[in-house]
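Peer 1: Below is the structure I would like to discuss, written out as structure tokens.
The values are calculated or read from the model by the stated rules, or taken from the named source; none is laboratory data. Please read all numbers here as calculations on a predicted model, not as lab measurements. Note that each Cβ is placed from the backbone with ideal geometry, even for glycine, and that neighbours are counted across all protein chains shown. Heads up: the accessible areas ignore ligands, DNA and RNA and are worked out on the full protein's heavy atoms, side chains in. Shrake-Rupley method; radii C 1.70, N 1.55, O 1.52, S 1.80 Å.
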Amino acid sequence: MYKDIKIFVVNHALNQSALDLAASLRTCFQVELHDSGSILSDDERGGFDYVWGNIGYAGLINAVCARLAEADDRHPVGFICSDVSVPDPSGLQERLQRAFENEQVALYAPASTGSNHPHMHPRRGIALRRVSFVDGFCFFARAAIFREVCPIDVTKNRLGWGIDKQFGYAAAHGGALVVVDDAITVGHPNVSGYRRDEASRQRDEWLADKPRAERIFQKLATNFVLRDGIGAAALAAFIRNVS
């Protein structure tokens, strides 16, 4: 059982929320707090482990991956944005430990309110639900998945659209499972702090040089039918056979 799971809490401009979230999670997890380009008071700055310039979501993913140099490939690593609320850290700890006991699980997320992806919304039941990808504001992935996705070219995709699906692709291409857990729910506001048209443009530029299988996955994973259950399994099988 993985009892020493580390969570990286990442922040931009929600300083007190980040500090409060980190304090809450530290009751059950190791936590490292990273900031990207916020205006911090001296007191706030002291609460952060790493303070970066405004490196964007993609830069924060890269920064976390760089911190995993000594992590075993199989070890789960958490990534949570500071606008997420986690009402039950101990419940999250228990559920994700159970999930990662299955060596086939490579990418896990609790169900969440406020996601733009309906397959992330909580459903009745306490089971793990297979999906093609999970939302990028709160997820846990084995270190090997971070290493496969990173480094992300921040000159092309600093805002980070499509990175959530890239994590899903890395898991699916390796024959592993991506799951959402309906037994635990986190909160997230259904808003974004950037222009969707610019985020879309950056994603498309970033994907243009990706191999065909990755571009196909990014396109098909947006299809609601392919986000869940049998559809997710079919998409994963198809991608593994695309040259």
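Peer 1: Please report the net charge: other residues with Cβ closer than 14 Å to the Cβ of HIS119, K and R +1, D and E -1. Can you show the working numbers first?
Peer 2: Numbers: positive: ARG123, ARG129, ARG130, LYS165, ARG227; negative: ASP135, ASP164, ASP181, ASP182, ASP228.
Cβ neighbours under 14 Å give a net charge of 0.
Peer 1: What number comes out for the charge environment of ASP35, summing +1 per Lys or Arg and -1 per Asp or Glu over other residues with Cβ under 13 Å away? Present the calculation step by step, with values, prior to reporting the outcome.
Peer 2: Numbers: positive: ARG45; negative: GLU32, GLU44, ASP49.
Taking every other residue near ASP35 into account, the sum is -2.
Peer 1: In nm, what is the difference between 0.36 nm times the number of residues separating ASP209 and ASP49 and their Cα-Cα distance?
Peer 2: Numbers: separation 160, 0.36 × 160 = 57.60 nm, distance 3.41 nm.
Length difference between fully extended and current span is 54.2 nm.
Peer 1: Taking one equal scatterer on every alpha-carbon of region 95-230, how large is log10 of I(q)/I(0) by Debye at q = 0.13, 0.17, 0.19, 0.22 1/Å?
Peer 2: -0.53, -0.93, -1.16, -1.48
Peer 1: Something else now. Using a 1.4 Å probe, what is the accessible area per residue for region 77-132, in Å²? Show your work: numbers first, answer last.
Peer 2: Numbers: 2340 Å² over 56 residues.
Computed with neighbouring chains in place, this is 42 Å² per residue.
Peer 1: Do any trypsin sites (Lys or Arg not before Pro) in region 163-243 lie in a DSSP loop with no more than 11 other beta carbon atoms within 10 Å, and if so, which?
Peer 2: Values: sites: LYS165, ARG195, ARG196, ARG201, ARG203, ARG212, ARG215, LYS219, ARG227, ARG240; in loops: ARG195.
Within region 163-243, the qualifying trypsin sites (Lys or Arg not before Pro) (loop, at most 11 other Cβ atoms within 10 Å) are ARG195.
Peer 1: Give me the one-decimal nm value for the distance between modelled label points at ARG98 and ARG240, 7 Å along each residue's Cα-to-Cβ direction.
Peer 2: For ARG98 paired with ARG240, the spin-label model returns 2.6 nm.
Peer 1: Determine by what factor the alpha-carbon radius of gyration of the chain differs from 2.2 N^0.38 Å, reporting the quotient.
Peer 2: Numbers: Rg = 16.8 Å, N = 243, 2.2 N^0.38 = 17.7 Å.
In units of the globular-protein estimate, the chain measures up at 0.95.
Peer 1: On the accessible surface of region 51-188, probed at 1.4 Å, how many percent belong to carbon and sulfur atoms?
Peer 2: Values: 2610 of 5110 Å².
Of all accessible area on region 51-188, carbon and sulfur atoms account for 51 percent.
Peer 1: Select from GLY160, GLY91, GLY53 the residue whose mean-square fluctuation is largest in a Gaussian network model of the chain (Cα-Cα springs shorter than 10 Å).
Peer 2: Among GLY160, GLY91, GLY53, the largest mean-square fluctuation in the Gaussian network model of the chain belongs to GLY53.
Peer 1: To continue, here is another question. Using 7 Å Cα-to-Cβ label points, what is the THR27/VAL191 separation (nm, one decimal)?
Peer 2: About 2.7 nm separates the two model spin labels.
Peer 1: First measure r as the distance between the Cβ atoms of ALA127 and THR222, then evaluate 1/(1 + (r/R0)^6) with R0 = 30 Å and state the FRET efficiency to the nearest 0.05.
Peer 2: Details: r = 24 Å, r/R0 = 0.81.
Approximately 0.80, to the nearest 0.05.
Peer 1: How compact is region 1-98 by the rule of thumb for globular proteins, expressed as Cα Rg over 2.2 N^0.38 Å?
Peer 2: On the way: Rg = 13.3 Å, N = 98, 2.2 N^0.38 = 12.6 Å.
Output field value: 1.06.
Peer 1: Sticking with this structure for a sec: Tell me which cysteines of the chain come out unpaired when the rule is another cysteine's Cβ under 4.7 Å.
Peer 2: Lone cysteines by the Cβ rule: CYS28, CYS81, CYS138.
Peer 1: I'd like to check one number: the per residue accessible area of region 162-243, probe 1.4 Å, reported in Å² as a whole number.
Peer 2: Numbers: 3980 Å² over 82 residues.
Per residue, region 162-243 has 49 Å² of solvent-accessible surface.
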